[in-house]
Amino acid sequence: MDVGNRLRESRLAQGYSLEQVEEATKIRSKYIEALENEEYHLLPGEVYVVAFMRNYAKYLGLDDEELVQQYRAQQSPPTPEISQEDYTEKPKRRKRREIRRKPRKGKPRTLSYVIVASIIFLAVIAFAAMNSDKSSKPDTAQQPGVGQEDRLPDTDIGEQDDNDGLDGNLPNEDPDQPQQVELVLSVVEDRCWMNIEVDGQTEFSGIASAGEIKEFIGQERIYIELGNAGVVEVQLNGENLGTLAPRNHVYRTEFTVQQG
């Protein structure tokens, strides 16, 4: 049985409605319904899918770790099968190539060598004749007044731009560098005390329980302090960093625009 049907049948067997589950878990009913229908694209991202699935499974009394593993196995692409023909075809091709490399027996090569040597000999004679013809002609390039014109090239030096077409206003910002810090903290299980400061101002200080997601946006930096870092998954500028420390460990760090 797939993950979605297991969640739905367990909820119906216990007589819970979507509204009751939403009130108990603090997960919106549309996300609960998306988990049951396995429409994972309707959730904000991978971190939210795993966090909501764990919280929902625990509420129904199911093994959350087993469900998450089953979900991840369903998302993995199947391994392509290799037929027996793939193993038998390659040796045949190698055999044909080896046969082509074998020299043909009984064909004389003396005539080919004579032809190649004659071509090289004729080419040497022709090259020597061309050089002899060039050396017999007078060198007019070094005789003044013969076939030369005393004039300057048609280049207007006075109109050249010292900057070679550059106006001097170079951009100072890297277009690939993020202009702000976007941080998402998801409590996947248990609970965690956290203190969050955005651009020097305290945005949140308190306890977040499993299933809660905190989002912060800073223009320069975001400082975080987690009392139970092993239960909090961190997403920075759309990149999932996972947990930053083991369970029951205090972790402090700061994310800046330059780090992004």
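Observations
- Subset of the stretch 205-225 (residues that are out of contact with any Lys or Arg (no Cβ under 9 Å at 6 or more places or on another chain), within 13 Å of Cys192 (Cα to Cα) and open to solvent by less than 50 Å² (accessible area, probe 1.4 Å)): Gly206, Ile213, Lys214
- Members of the stretch 244-260 that are open to solvent by 30 Å² or more (accessible area, probe 1.4 Å), farther than 27 Å from Tyr31 by Cβ and aliphatic (A, V, I, L, M): Val250
For (1) within 24 Å of Val184 (Cβ to Cβ); (2) free of Cβ contacts under 8 Å to residues at least 60 places away in the same chain, each residue gets a yes or a no:
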position: Glu9; (1), (2): no, yes
position: Leu18; (1), (2): no, yes
position: Glu33; (1), (2): yes, yes
position: Glu38; (1), (2): yes, yes
position: Phe52; (1), (2): yes, no
position: Asn55; (1), (2): yes, no
position: Glu65; (1), (2): yes, yes
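- For Gln259: the one exception among (1) over 21 Å from Lys58 (Cβ atoms); (2) assigned to a strand (DSSP E or B): (2)
- Subset tally (residues that are modelled with pLDDT of 80 or more and open to solvent by 100 Å² or more (accessible area, probe 1.4 Å)) for the stretch 122-135: 1
- Scanning the stretch 226-243 for residues that are more than 21 Å from the chain's Cα centre (by Cα) and either surrounded by fewer than 16 Cβ atoms within 10 Å (Cβ to Cβ) or part of a loop (DSSP other than H, G, I, E, B) (or both) gives Gly227, Asn228.
The values are calculated or read from the model by the stated rules, or taken from the named source; none is laboratory data. Nothing here was measured: the structure is a model prediction, and the numbers come from that model. Please note: Cβ atoms are built from the backbone with ideal geometry, for glycine as well, and neighbour counts cover all protein chains shown. Each accessible area value is taken on the protein alone, full model and side chains, heavy atoms only, with ligands, DNA and RNA left out. Shrake-Rupley method; radii C 1.70, N 1.55, O 1.52, S 1.80 Å.
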